[in-house]
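Peer 1: To start, I am sharing the structure in question, which I have written as structure tokens.
The values are calculated or read from the model by the stated rules, or taken from the named source; none is laboratory data. In this text, all values refer to a predicted model and were calculated from it rather than measured experimentally. Here the Cβ positions follow ideal geometry from the backbone for every residue, glycine too, while neighbour counts run over all protein chains shown.
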């Protein structure tokens, strides 16, 4: 009896192993470990159910840069999220969609998305995987219907091959497409600027940068919290209602208290993400700082952290800008892994 | 060696099937009616406010379905998208205890609204997901009415929202007093769209032709959900 059980057990184990190895021949995506940079908080759990793999990442990247996914074949995600601009649209207040259309908001930089809980200026996106549905279908962005996007992917042999490599078979579904997108966008981590090197003891600030850092910590860190340089909250920073009547967070929450609140953007790579604010109305870092020093602190619904007058000398403003330059991470903007 | 394995594997699978068969299930059908009309799509309908209308699209989510007994019972897993243009039959587990009624959620719970990409009933391809303000549309009525002042006299009620006081998913409970109902081949749940307009809240097409985002209007509409449902009794 005992021998019998052992025999069955052995048969079971060997056949199980045989089956596993046979399966591997057809389906073996390469796992990629998601590294949390030193000093960063724990990211959200986007890769918990959506296992990050080399093949999934590559598929997400291919779709990200594929203009064919738009209605007229002219616009990709990468058209408005340019790597050299830290995945914002360089020097454009608004971005161009299909048929010479314009977006209503400034394309946000795609940086450290894995540490966010809500995406977009108004936080209308509640899971990173769901984000692509919005630009893919918006009439003033890529303007394509979801079922047509799926048909386009299915018609392409390269995509069938890549879906199979990433997910085990060539079945192309919304779920798999969105998971692959998230594997790429969630991997866009920037944590190797001069600031990071200083924090790790690999570099030192020059004096004006150091002074600028101290000014930053005393005046800006409340919202642009280190090390992500955003607290991911929604705040009214005193920008008036624009020509699109864009009330920001209120659109999502339907709560008047959220009128003109927008997501605090990260300041990482901020020197490259000009122009600034949700509609790109401020064209330089100097003028952003001027916006805060010249702000009418009695404005209705102004964020409580801004109701105290901020005063900087011209020299302090220059020092602050020099500090902000240290947040530029060229290993991110030039990383070949993120390039098409 | 491998032959023996497959024999063993076959036995295991068979064993599993037998174990599963022990759990009885019953088909539940969803019928969408309007008063005496047995179906609602592309019919000339009239509501309690003498507003003539037609419905061209009608879909809603059902989840957490279960028979209710004196003891706690488990939900039948899965989310179903009832679509008036199709036959809608789902299979739910029958508990061994005496059944008092059936309960389900119209909509999907908040976790499923923020769980990222999903397939099946929750695939965004079903056109029941808001891409700009994430969350599922739980209940969708589209059509036309001369009473509608919206563009092309359209009716477009996209009822959803899963947060705070304006959440729109609703727990529905329907008592089953006659045990003979459970002896039928299929237990049929009927939704009477007439009661959507004329429920606890009065929804006039002339006043509210379009609801396309979460908020107080959607919440008021959702308060009419429970009154729409009943168990069909054709014994």
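Peer 1: Suppose the filter is without any contact (Cβ under 8 Å) to a residue 40 or more places away in the chain and away from every other protein chain (no Cβ under 12 Å); does residue B:151 pass it?
Peer 2: Judged against the criteria, residue B:151 is a match.
Peer 1: Could you pull out the residue among A:73, A:123 that is within 14 Å of another protein chain (Cβ to nearest Cβ) and in a loop (DSSP other than H, G, I, E, B)?
Peer 2: Matching residue, one of A:73, A:123: A:123.
Peer 1: Now, a different point. Which numbered condition in (1) without any contact (Cβ under 8 Å) to a residue 60 or more places away in the chain; (2) over 21 Å from residue A:246 (Cβ atoms) is the only one that residue A:114 fails?
Peer 2: Going through the list (1) without any contact (Cβ under 8 Å) to a residue 60 or more places away in the chain; (2) over 21 Å from residue A:246 (Cβ atoms), residue A:114 breaks only (1).
Peer 1: Among A:244, A:332, which is outside any helix (DSSP H, G or I) and either in contact with a helix residue (DSSP H, G or I) (Cβ under 8 Å, 6 or more places away or on another chain) or at negative phi (or both)?
Peer 2: Every option except A:244 fails the conditions.
This table checks each residue for (1) at pLDDT 95 or above; (2) touching a helix residue (DSSP H, G or I) at 6+ places or on another chain (Cβ under 7 Å); (3) farther than 25 Å from residue A:334 by Cα.
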residue: A:4; (1), (2), (3): no, no, yes
residue: A:15; (1), (2), (3): no, yes, yes
residue: A:22; (1), (2), (3): no, no, yes
residue: A:25; (1), (2), (3): no, no, yes
residue: A:60; (1), (2), (3): yes, yes, no
residue: A:63; (1), (2), (3): yes, yes, no
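Peer 1: Here is a list: A:118, A:144, A:202, A:129. Which entry is touching a helix residue (DSSP H, G or I) at 6+ places or on another chain (Cβ under 9 Å), at pLDDT 95 or above and in the same structural domain as residue A:266 (by TED's automatic domain parsing)?
Peer 2: A:202
Peer 1: Is it the case that residue A:93 is under 29 Å from residue A:327 (Cα atoms) and in contact with a helix residue (DSSP H, G or I) (Cβ under 9 Å, 6 or more places away or on another chain)?
Peer 2: no
Peer 1: Turning to a different aspect of this structure: Taking the stated definitions as given, is residue A:58 more than 14 Å from chain B (Cβ to nearest Cβ), outside any loop (DSSP other than H, G, I, E, B) and surrounded by fewer than 22 Cβ atoms within 10 Å (Cβ to Cβ)?
Peer 2: So residue A:58 passes the test.
Peer 1: State all residues of the stretch A:250-264 that are under 24 Å from the mean Cα position of the chain (by Cα) and in a helix (DSSP H, G or I); if no residue qualifies, say none.
Peer 2: Scanning the stretch A:250-264 gives A:250, A:251, A:252, A:253, A:258.
Peer 1: Check whether at least one residue in the stretch A:298-305 is surrounded by 17 or more Cβ atoms within 10 Å (Cβ to Cβ), at pLDDT 95 or above and touching a helix residue (DSSP H, G or I) at 6+ places or on another chain (Cβ under 9 Å), and report yes or no.
Peer 2: No, every residue in the stretch A:298-305 fails to be surrounded by 17 or more Cβ atoms within 10 Å (Cβ to Cβ), at pLDDT 95 or above and touching a helix residue (DSSP H, G or I) at 6+ places or on another chain (Cβ under 9 Å).
Peer 1: Also, quick follow-up: Can you pull out every residue in the stretch A:128-140 that is buried (at least 22 other Cβ atoms within 10 Å of the Cβ) and part of a helix (DSSP H, G or I)?
Peer 2: A:128, A:129, A:130, A:133, A:135, A:136
Peer 1: Further question: Restricting attention to the stretch A:77-86, does a residue exist that is touching a residue at least 60 places away in the same chain (Cβ under 8 Å), touching a strand residue (DSSP E or B) at 6+ places or on another chain (Cβ under 9 Å) and assigned to a loop (DSSP other than H, G, I, E, B)?
Peer 2: no
Peer 1: Would you mention how many residues in the stretch B:87-115 are buried (at least 18 other Cβ atoms within 10 Å of the Cβ), within 14 Å of chain A (Cβ to nearest Cβ) and either out of contact with any helix residue (DSSP H, G or I) (no Cβ under 9 Å at 6 or more places or on another chain) or farther than 20 Å from residue B:159 by Cα (or both)?
Peer 2: 1
Peer 1: Considering only the stretch A:141-162, I want to know if a residue exists there that is within 13 Å of another protein chain (Cβ to nearest Cβ), on the phi > 0 side of the Ramachandran plot and surrounded by fewer than 20 Cβ atoms within 10 Å (Cβ to Cβ).
Peer 2: Looking for residues that are within 13 Å of another protein chain (Cβ to nearest Cβ), on the phi > 0 side of the Ramachandran plot and surrounded by fewer than 20 Cβ atoms within 10 Å (Cβ to Cβ), one finds at least one in the stretch A:141-162, hence yes.
Peer 1: Right, another one. If you check every pair at least six apart or on different chains, which have Cβ atoms under 7 Å apart with a residue in the stretch A:294-313 that is without any contact (Cβ under 8 Å) to a residue 40 or more places away in the chain first and a residue that is not in a loop (DSSP other than H, G, I, E, B) second?
Peer 2: If the second residue must be not in a loop (DSSP other than H, G, I, E, B), the pairs left are A:297/A:306; A:311/A:293.
Peer 1: Just for the stretch A:314-340: of the residues that are in contact (Cβ under 8 Å) with a residue 60 or more places away in the chain and over 24 Å from the mean Cα position of the chain (by Cα), which one is surrounded by the fewest Cβ atoms within 10 Å (Cβ to Cβ)?
Peer 2: Applying the filter and picking the extreme gives A:318.
Peer 1: While we're looking at this one, here's another question. Quick one: residue B:226 ticks every box in (1) surrounded by fewer than 20 Cβ atoms within 10 Å (Cβ to Cβ); (2) in contact with a helix residue (DSSP H, G or I) (Cβ under 9 Å, 6 or more places away or on another chain) except a single one, so which number is it?
Peer 2: That leaves (2) as the condition not met.
Peer 1: For residues that are away from every other protein chain (no Cβ under 11 Å) and within 24 Å of the chain's Cα centre (by Cα), tally how many sit in the stretch A:163-178.
Peer 2: Total satisfying the criteria: 3.
Peer 1: Restricting attention to the stretch A:235-249, and to residues there that are under 11 Å from residue A:259 (Cβ atoms) and in contact with a strand residue (DSSP E or B) (Cβ under 6 Å, 6 or more places away or on another chain), which single residue is surrounded by the fewest Cβ atoms within 10 Å (Cβ to Cβ)?
Peer 2: By that ranking, first place goes to A:236.
Peer 1: Of all the residues that make up the stretch B:191-235, how many are at positive phi and away from chain A (no Cβ under 14 Å)?
Peer 2: 0
Peer 1: Still on this structure, please answer the following. Name the single residue, out of those in the stretch A:87-104 being touching a residue at least 60 places away in the same chain (Cβ under 8 Å) and crowded, with 21+ Cβ neighbours inside 10 Å, that is farthest from residue A:279 (Cα to Cα).
Peer 2: Going through the qualifying residues, I end up with A:87.
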